Amino acid sequence: MSHAFDVRLDSLGFASAQGGPASVLHPSSGQRGAAKSFYIETFGCQMNVHDSEKVSGVLMSRGYQMVDDPAGADVVLFNTCSIREKAAQKVFSRLGLFNPANVRTNSGANEPAGESEVKAPHGSRRGIVYAAGKIIGVLGCVAQQEGEEIFERAPWVSLVCGSASYRKLPEMLAQLESGNRRVMGLDTDTDETFETEITRRDNPFRAYLTIIEGCDKACSYCVVPFTRGPERSRSSEGILREVRQLAEMGYTEVQLLGQTVNSYRDPTARRMKFAELLVAVAAVNGIRRVRFTTSHPSDFGADIIAAMESHPALCDHIHLPVQSGSTRVLARMLRTYTREQYLEKIAMIRGARRPMSITTDVILGFPGETERDFEETLSMLDAAQYDGVFSFKYSPRPNTLARSMDDAIPEEEKIRRLAVLQDHQRAIQTARNEALVGEHHEVLVDHRGNREGQWAGRTTSNRVVNFTSPRSELLGEYVQVRVTRAGPNSLVGEQLV
Ligand code: 5AD
Ligand code: SF4
């Protein structure tokens with residue numbers, strides 16, 4: 001199996017569409033040639049963000065140069081999300097902007113004569129026009145879900161590839177390069193993971209690492225088992241090798257990713273359990289923070305808490321989606337736990353030797369959700385005392401069991417429940433954050449503030465802290481901050497010097 005390693009952008013020639021080198025050093029050949037360029041846009045979850053990083057690495061290792069504006073790119077890729085209908089719709093409206101039917105003949109004096117263009121999509125830094133004649137590719141969950149249908153709906157697309165087929169991307173690109181007009185990869189019957197030789201990481205302070213792909217649960221509302229295929233874990237050896245390489249490159253924080261990250265099962269003879277893997281990753285020299293997401297409550301055992309207690313590098317944060325506070329709804333969702341069993345997990349986490357921050361996901365308006373079920377979800381927020389809640393209106397998805405369930409909740413009622421829940425949670429978060437005023441917290445600085453002397457970063461519990469400091473350079477540093485104020489979504493403080 002090939003191993004993954006990282007490269008710095010400057011070694012691969014990152015260029016903006018506005019300028020930059022016109023040729024790129026081909027890593028395998030060492031030759032300079034005309035640079036082909038690509039642009040990639042990502043929708044959806046952290047797994048998608050990281051998949052895009054790996055896809056970028058694959059393209060760069062083939063001599064492509066990354067650009068930050070689709071106008072200047074030979075290849076334009078959309079890595080898509082279909083978790084809710086709105087996310088999938090967004091992809092098609094974005095693709096529509098590349099429709100040659102929208103093409104108008106260029107009359108701009110500075111453009112090559114006769115070249116056709118489509119209007120620039122929102123988000124373009126130039127915001128004017130795009131030359132047609134590019135390779136347009138759809139990757140990810142919408143690609144997997146819609147398949148060939150995409151070519152029908154958007155015939156200007158030439159590559160459709162689901163995430164379980166990414167390991168075939170180099171092959172598919174070769175086909176496109178040799179003149180094939182349409183290429184498609186939609187396998188999900190794979191037991192392999194997407195291993196790349198080069199990953200082009202976007203975040204200089206936090207390195208993402210997928211340790212398990214796909215999902216073997218069968219939650220009745222969820223498309224993921226269909227779009228990302230069955231569960232496949234990476235070897236513990238490969239994961240640890242990549243973490244060591246990341247540490248050598250200077251990363252101090254890693255985040256282990258998986259749809260059900262704690263269902264990790266080492267495929268090698270070592271049979272390392274998830275809790276053991278956490279400790280092994282935390283023990284890598286140079287690593288100061290280890291995060292993991294998303295945990296499934298049914299696979300969340302005391303061994304994970306024991307691991308977190310045993311190593312300070314394992315961050316004080318657990319994302320544990322509850323989805324609903326009603327046992328009746330949970331059963332219809334096929335979540336495999338009851339309200340009481342979930343609350344036992346919360347009690348276990350609250351019993352840990354260090355305080356842990358817990359965040360969750362909630363779906364409102366699942367078919368048949370009564371006012372009483374909804375109230376149970378509200379009371380779950382009180383009982384669990386979450387530090388963050390991602391709440392979503394239920395959206396019926398193709399292939400899923402819930403799609404054919406009766407008693408759909410009207411849209412206005414979903415909207416009302418969402419607003420009530422968010423208000424309820426805002427009060428909980430405000431109170432929890434206010435309790436931190438006066439405390440000192442370690443912050444990994446990852447942003448500059450708008451004004452001189454202002455910085456932002458995250459605590460081990462993943463809270464955002466905006467703070468002031470007399471220092472002129474702090475990016476990437478760990479600093480102690482005294483919390484002076486708190487809001488529902490962030491803390492304000494000053495660096496202790
Ligand atoms: N409708 C609404 N929300 C959904 N999620 C997953 N599927 C759906 C759906 N069909 C939410 C769940 C999951 C999060 C990533 O997205 O809360 O944890
Ligand atoms: Fe979807 Fe459930 Fe798997 Fe999460 S655990 S990805 S919600 S099927």
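Any idea what the relative contact order of the chain is, in percent, if you count C-alpha pairs under 8 Å spaced at least 6 apart?
Dividing the mean separation by the residue count of the chain yields 10 percent.
Taking the Cα atoms only, what angle lies between the long axis of helix 411-434 and the longest principal axis of the chain, rounded to 10 degrees?
Around 60 degrees separate the two axes.
Please give the FRET efficiency for residue 97 paired with residue 68, using the beta carbon to beta carbon distance and R0 = 22 Å, rounded to the nearest 0.05.
Using R0 = 22 Å, I get an efficiency of 0.85.
Out of every Cα-Cα pair in segment 304-344, what percent are more than 17 Å apart?
45 percent
Could you list which residues have their amide H under 5 Å from that of residue 183, counting only those 5 or more apart in sequence or on another chain, with H placed in the peptide plane?
Residues meeting the amide H criterion: 159, 160.
Could you give me the ³J(HN,Hα) list for segment 177-194, computed from phi with Karplus coefficients 6.51, -1.76, 1.60 and θ = phi - 60°, whole Hz, x at Gly and Pro?
For segment 177-194, the Karplus-derived couplings read 5, 8, x, 4, 8, 9, 9, 9, x, 10, 5, 10, 8, 10, 10, 9, 9, 8 Hz, x marking Gly and Pro.
Calculate for the chain the 222 nm mean residue ellipticity that helices alone would give, adding -39,500 (n - 2.57) per DSSP H run of length 4 or more and normalising by residue count, nearest 500 deg cm²/dmol.
Rounded to the nearest 500, it is -8500 deg cm²/dmol.
Which whole-Hz couplings ³J(HN,Hα) result when phi for each residue of segment 472-485 is put into the Karplus expression 6.51 cos²θ - 1.76 cosθ + 1.60, θ = phi - 60°, listed in order with x for Gly and Pro?
Values per residue, Gly and Pro as x: 9, 9, 9, 4, x, 8, 9, 10, 8, 10, 8, 7, 10, 8 Hz.
Treat each spin label as a single point 7 Å out from the Cα along the C-beta direction, and report the residue 270 to residue 408 distance in nm.
Result: 4.9 nm between the two label points.
Given the options 438, 454, 170, identify the residue whose Cα lies farthest towards the positive end of the charge dipole of the chain (+1 on Cβ of Lys, Arg; -1 on Cβ of Asp, Glu).
Towards the positive end, the residue furthest out is 454.
Among 48, 314, 296, whose Cα lies farthest out toward the positive end of the dipole of the chain, if unit charges sit on the beta carbon of Lys, Arg (+1) and Asp, Glu (-1)?
So the residue we want is 314.
Distance in nm between label sites at residue 240 and residue 372, each 7 Å beyond Cα in the beta-carbon direction?
5.2 nm
Relative to the longest principal Cα axis of the chain, at what angle does helix 371-384 sit, 0 to 90 degrees, rounded to 10?
It is inclined by approximately 80 degrees.
With N denoting the number of residues in the chain, provide Rg(C-alpha) divided by 2.2 N^0.38 Å, to two decimal places.
Normalised Cα radius of gyration, the chain: 1.01.
What is the spin-label model distance, in nm, from residue 450 to residue 399 if the labels are put 7 Å beyond Cα along the C-beta direction?
Label-label distance for residue 450 and residue 399, simple model: 4.4 nm.
For residue 357, list long-range residues whose amide hydrogen, built 1.01 Å from N in the peptide plane, is under 5 Å from its own amide hydrogen.
317, 318
Just the Cα atoms of segment 127-219: what Rg and Dmax do they give in Å?
According to the Cα coordinates of segment 127-219, Rg and Dmax are 15.4, 45 Å.
Compute the length gained on full extension between residue 353 and residue 383: take 0.36 nm times their separation in residues and subtract their Cα-Cα distance, giving the result in nm to one decimal.
Full extension of this stretch gives 8.9 nm more.
Collect residues whose amide H, placed 1.01 Å from N in the peptide plane, falls under 5 Å from the amide H of residue 36; neighbours closer than 5 in sequence don't count.
Result for residue 36 returns 65.
How large is log10 I(q)/I(0) at q = 0.13 Å⁻¹ when the Debye formula is applied to the Cα atoms of segment 180-263, each weighted equally and without solvent?
Taken in order of the listed q values, log10 I(q)/I(0) reads -0.52.
Using θ = phi - 60° and the Karplus form 6.51 cos²θ - 1.76 cosθ + 1.60, what ³J(HN,Hα) does each residue of segment 331-347 get, whole Hz, x for Gly and Pro?
Once θ is set to phi - 60°, the couplings for segment 331-347 become 5, 5, 7, 6, 7, 6, 8, 9, 4, 5, 5, 5, 5, 5, 5, 4, 4 Hz.
Give the angle, between 0 and 90 degrees and rounded to the nearest 10, that separates the Cα long axis of helix 85-96 from the longest principal axis of the Cα atoms of the chain.
Taking Cα atoms only, the helix is inclined about 20 degrees.
Between residue 202 and residue 478, what length comes free when the chain is fully extended (0.36 nm per residue of separation minus the Cα-Cα distance, one decimal in nm)?
Working it through step by step, the gained length comes to 97.4 nm.
Read the figures in this text as sums done on the coordinates, not as results from a lab. Predicted, not measured: the structure shown is a model, and the values here were computed from it. Don't worry about glycine lacking a Cβ; one is built from the backbone with ideal geometry, like all the others, and counts go over all protein chains shown.
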